[in-house]
1. Answer with yes or no whether Asp89 is more than 25 Å from Ser121 (Cβ to Cβ), surrounded by 13 or more Cβ atoms within 10 Å (Cβ to Cβ) and of a type in the set (Asp, Glu).
2. Can you name the residue in region 19-57 that is over 19 Å from Thr90 (Cβ atoms) and without any contact (Cβ under 8 Å) to a residue 12 or more places away in the chain and, of all such residues, is most open to solvent (accessible area, probe 1.4 Å)?
3. Scan (1) assigned to a loop (DSSP other than H, G, I, E, B); (2) of a type outside the set (A, V, I, L, M); (3) within 21 Å of Gly8 (Cα to Cα) for the single condition Gly35 breaks and write down its number.
4. Out of curiosity, is Val63 in contact (Cβ under 8 Å) with a residue 40 or more places away in the chain and within 21 Å of Gln39 (Cα to Cα)?
5. Hey, can you tell me all the residues within region 83-102 that are under 18 Å from Val2 (Cα atoms) and within 10 Å of the chain's Cα centre (by Cα)?
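The values are calculated or read from the model by the stated rules, or taken from the named source; none is laboratory data. Here the structure is a predicted model, which means the values were calculated and not measured. Cβ placement follows ideal geometry from the backbone for every residue including glycine, while neighbour counts extend to all protein chains displayed. The protein model used for the area step is the full one, side chains on, heavy atoms only, and it has no ligands, DNA or RNA in it. Shrake-Rupley method; radii C 1.70, N 1.55, O 1.52, S 1.80 Å.
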Amino acid sequence: QVQLVESGGGLVQAGGSLRLSCAASGSIFSINDMGWYRQAPGKQRELVATITSRGSTNYGDSVKGRFTISRDNAKKSVYLQMNSLKPEDTAVYYCNARLRLHRTISENAYWGQGTQVTVSS
């Protein structure tokens, strides 16, 4: 089965930076879109950023201009560079990938376990 593992979360002061990583593993034939979502306590999960297999990006309004998403297809990984962090960025960040497994035709979405990002004032 597919596994997505996030890393790079932690505690940072407001105005600081963090870089999140997510690596996919398993019997993967191909990976299409990848992305990052986040969820704070008592709030719905929201889009942070997505990136297509060819590098086209999309960002949530609250992070545009501060965060940058990128990917390394050879490493089956997606990254999120977070700059100028604010306390309201505090949340659990989840990696997402839409991919196709070997011996299958359909594409499905998979999620990582999440990594905590805490921004202090």
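1. On the way: more than 25 Å from Ser121 (Cβ to Cβ): no; surrounded by 13 or more Cβ atoms within 10 Å (Cβ to Cβ): yes; of a type in the set (Asp, Glu): yes.
Spelling it out, it is not the case that Asp89 is more than 25 Å from Ser121 (Cβ to Cβ), surrounded by 13 or more Cβ atoms within 10 Å (Cβ to Cβ) and of a type in the set (Asp, Glu).
2. If we take residues in region 19-57 being over 19 Å from Thr90 (Cβ atoms) and without any contact (Cβ under 8 Å) to a residue 12 or more places away in the chain, then Arg54 is most open to solvent (accessible area, probe 1.4 Å).
3. Tallying (1) assigned to a loop (DSSP other than H, G, I, E, B); (2) of a type outside the set (A, V, I, L, M); (3) within 21 Å of Gly8 (Cα to Cα), Gly35 fails exactly one: (1).
4. Here the answer is no, as Val63 does not meet what is asked.
5. Once the filter is applied, which keeps residues that are under 18 Å from Val2 (Cα atoms) and within 10 Å of the chain's Cα centre (by Cα), region 83-102 yields Tyr94, Cys95, Asn96, Ala97.
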